[in-house]
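The values are calculated or read from the model by the stated rules, or taken from the named source; none is laboratory data. Quick caveat, the model's predicted, so the values are computed rather than measured. Note that we place each Cβ from the backbone using ideal geometry, even for glycine, and neighbour counts take in every protein chain shown.
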Amino acid sequence: MLQRIQTVYLLIAGLLAFAFSFIQMDRILTFEIMSIPGVLVFVSGLDSLLAISLFSNRKLQLKLVYLASTVLLLAFGIYLYLNLSVDFYLHLEFYLLLLAFVNHLLALRGIKKDEELIRSSNRLR
């Protein structure tokens with residue numbers, strides 16, 4: 001489990017998602033409209049950590065990471081829409097979301113490589 005690089009990428013993505021949610025915690029607790037990205041990113045972080053535990057079922061892990069990436073991309077779009085009036089690229093939250101999404105893409109690449117390696121070893125048998 002820990003020997004696979006996508007586990008590290010998913011762990012980093014989950015931690016970045018939780019950091020974003022922690023920064024957004026005051027908005028989440030007061031139920032503002034700005035709290036929607038924080039809740040979506042928290043769900044994406046939970047999904048990333050759940051995908052780590054499914055290392056033996058690569059197809060389901062791949063689907064969960066796709067789901068987490070989609071939810072993260074949706075939260076990223078909502079965050080950008082809600083922060084159009086300010087310089088969003090100066091905020092830490094923007095970079096946390098961006099880095100979490102990049103880590104999801106790297107994890108997807110690692111899972112696909114593992115799947116291809118297993119398929120090629122099955123052909124050799």
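Numbers at a glance
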{"item": "All positions within segment 18-50 that are hydroxyl-bearing (S, T, Y), at pLDDT below 80 and part of a helix (DSSP H, G or I)", "result": "S35"}
{"item": "Subset of segment 86-113 [within 23 Å of L46 (Cβ to Cβ), at pLDDT below 85 and among the charged types (D, E, K, R)]", "result": "E93"}
{"item": "Members of segment 69-108 that are under 13 Å from Y9 (Cα atoms) and touching a residue at least 24 places away in the same chain (Cβ under 8 Å)", "result": "S69, L99, A100, F101, N103, H104, L105, L106, A107, L108"}
{"item": "Residue list for segment 81-108, filter: surrounded by 13 or more Cβ atoms within 10 Å (Cβ to Cβ) and charged (D, E, K, R)", "result": "E93"}
{"item": "Criterion: assigned to a helix (DSSP H, G or I), under 16 Å from the mean Cα position of the chain (by Cα), more than 18 Å from T7 (Cα to Cα) and among the aliphatic types (A, V, I, L, M) - qualifying residue of A75, A100", "result": "A75"}
{"item": "Residue selected from segment 54-66 under the condition of a type outside the set (K, R) and buried (at least 16 other Cβ atoms within 10 Å of the Cβ), by the criterion modelled with the lowest pLDDT", "result": "F55"}
{"item": "Test for I78: is it among the β-branched types (V, I, T), surrounded by fewer than 20 Cβ atoms within 10 Å (Cβ to Cβ) and modelled with pLDDT of 85 or more", "result": "yes"}
